[in-house]
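These notes are about the structure you will find just below.
Every number in this text was worked out from the coordinates using simple rules, so none of it is lab data. Since we're looking at a predicted model, the values are computed, not measured. Methodologically, a virtual Cβ is constructed for each residue, glycine included, from the backbone with ideal geometry; neighbour enumeration extends over all protein chains shown.
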Amino acid sequence: MEQRFAEPVRIMIAAILIGIGAGAITAALKYSIEKLTDFLTSGLLKYDGNWQYLVFPFIAIFGGLLWQKLVRQNLAHSTEQLRSHVHSGELPFKRSHIFTPVIGCLITVGFGGSAGGEGPSAFSGAALGARLGTWFRLPPDSVKILFGAGAAAGIAGIFKSPVGGVLFTFEILGVELAALGFAAVVASALTAFCTSYALSGFTWDLPLLHQQNYVPQNIGWIILLGVFCGLYSVYYRRTQQVATRYFESQKRQWVGALIFSIALGVSTFLLPLLFGEGYGTVTQLVNGTDSSLFENSLFSRIEMSESGIWIMLLGVVAVLLLKGFAVGGTNSSGGVAGEFAPTIFSGALCGYLFATCANMWFAADLPVESFALIGSASVMAGAIKAPLMAIFIGAEISDRYNLILPFILVCGFSWLVVYLCESAPARTRSC
């Protein structure tokens, strides 16, 4: 191949192969997590608490920790590791890095770790890209291109969001590439999306049961939703950082894993919404089927009366208050998982909470399911500080580009609120 094809041709061929490989891996990961979760929760009691929720987190956290010890690899905080590789210019990936992150993620998220699968998917794709660049005997600069293409493919495959995958490489990882590199990243992301989409039966992660359209009269409420989600994003970021610092400061890692497993087990027993990625919950919210939000919990017998609605909303608030701690602990106490999917879950809950309260207090007559869908991208924009990626992932995971303007508004205002809140102390000190 080195003799028959010029370097740009080899890069594009490798990018397409990376997309196929990463798309297949991410599709297999999502399918495996879904089936494992369904198997674990299929026999649970519908109208009472289930003691199994006290046990699952131990398997999720200690399973992820033991897997990392077994393969002798640090697989936690995958996105941060990728970003450090970009800054250092070193790409020390092994062949095993293609599979070890996703297996660890399956153990962690499949057994109820409160996180997602996108970080390990991006890490796996980046490792595949770097290794394939080495196999094709490409120079270091070209290997870096395939590294970025693989990371984009991992995100595009796990979210079924090709534009989101491309923006992840440039907005989150900060990879700087010329025209050829950009073309390779786009080709890899599109190929990964097509592969994952086909292998999952041509379905979206958030299937909508009915059409949802943008209502211009609600633009003021949409802006307020962005501000609300931005304020929550500030809280989410800080609680996640607190949990991360605490568990990473533990000298004995198994002690931190034990403490967090107990905490997550009790929290999940009381609030099963904290179990796993939460895509099922988001699907319920965006389709207006919120009557079974607290199924399998102690609160599942609450009827949708006026008092029942208030108790349900209090439960949603409790989940939002705990989610940042849960995500930070899952990724820092031994688990192998990502940090993006939880922001989609939290954002959907914020949109649902905001619209429901506005309708009850101000008779706003807002479409709750549409606000849950729009809100699903807003916390990602604020908490991850990636508004462009959040806009397109929000539109693509539900195949709703007709809502692109609301996505732009909520993501823009959410990011702006986080920027203003976090830059305020610096401005105060400078004065």
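Ordering 42-53, 371-382, 311-322, 221-232 by mean Cβ neighbour count within 10 Å, with the highest value first, yields 371-382, 221-232, 311-322, 42-53. Each of 120, 239, 196 was scored by the projection of its Cα onto the charge dipole of the chain, and the greatest displacement toward the positive side belongs to 120; charges sit on the C-beta of Lys, Arg, Asp and Glu.
When only the Cβ of Lys, Arg, Asp and Glu is charged (+1, +1, -1, -1), the dipole of the chain relative to its Cα centre reaches about 1280 debye.
With contacts taken as Cα pairs under 8 Å at a separation of at least 6 residues, region 310-383 carries a relative contact order of 32 percent.
Projecting each Cα onto the charge dipole of the chain (Lys/Arg +1, Asp/Glu -1 at the beta carbon, about the Cα centre), which of 18, 139, 98 comes out farthest on the positive side? Highest projection toward the positive end goes to 139.
Can you tell me the 0 to 90 degree angle between the C-alpha axis of helix 52-71 and the longest principal axis of the chain, rounded to 10? Between the helix axis and the principal axis of the chain, the angle is about 20 degrees. With contacts taken as Cα pairs under 8 Å and at least 6 residues apart, the chain reaches a relative contact order of 23 percent. Here the residues 357, 194, 411, ranked from fewest to most Cβ neighbours within 10 Å of their Cβ, fall in the order 357, 194, 411. Per-residue ellipticity at 222 nm, computed for the chain from helices alone with -39500 (n - 2.57) per DSSP H run of at least four residues, works out to -23500 deg cm²/dmol. Within the shell defined by Cβ-Cβ distances under 11 Å, the residues around residue 240 carry a net charge of +3, with Lys and Arg each +1 and Asp and Glu each -1. Take every pair of alpha-carbon atoms less than 8 Å apart whose residues are at least six positions apart; their mean separation over the length of region 316-431 yields a relative contact order of 20 percent. Projected area of the chain, taken from the Cα convex hull and averaged over every viewing direction, in nm²? Approximately 21.5 nm², given one-decimal rounding. Convex hull of alpha carbon positions in region 216-430: directionally averaged projected area 13.0 nm².
Taking the fewest neighbouring Cβ atoms within 10 Å as the starting point, the ordered list for 141, 38 is 38, 141.
Which distance in Å, rounded to a whole number, links the C-alpha centroids of region 327-370 and region 1-70? With region 327-370 and region 1-70 each reduced to a Cα centre, they are spaced 23 Å.
Helix 78-88 and the longest principal axis of the C-alpha atoms of the chain enclose an angle of approximately 40°. The alpha carbons of region 7-199 give a radius of gyration and a Dmax of 17.2, 62 Å, in that order. Relative to the longest principal axis of the Cα atoms of the chain, the long axis of helix 219-248 makes an angle of roughly 70 degrees.
Do the alpha carbons of any pairs in 69/251; 30/144; 69/94; 46/323; 69/160 sit beyond 20 Å of each other, and which pairs? Checking Cα-Cα distances, 30/144; 46/323; 69/160 exceed 20 Å.
From a point 7 Å beyond the Cα of residue 178 in the direction of its Cβ, which residues of region 119-145 have a backbone N at a distance under 13 Å? Output list for this probe position: 141-142, 145. When each of the peptides 278-290, 173-185 is scored by the mean number of other C-beta atoms lying within 10 Å of its residues, the order from highest to lowest reads 278-290, 173-185. Summary of packing: across the peptides 415-421, 349-355, the per-residue average of other C-beta atoms within 10 Å ranks them, highest first, as 349-355, 415-421. Fewest neighbouring Cβ atoms within 10 Å first, the residues 400, 252 line up as 252, 400.
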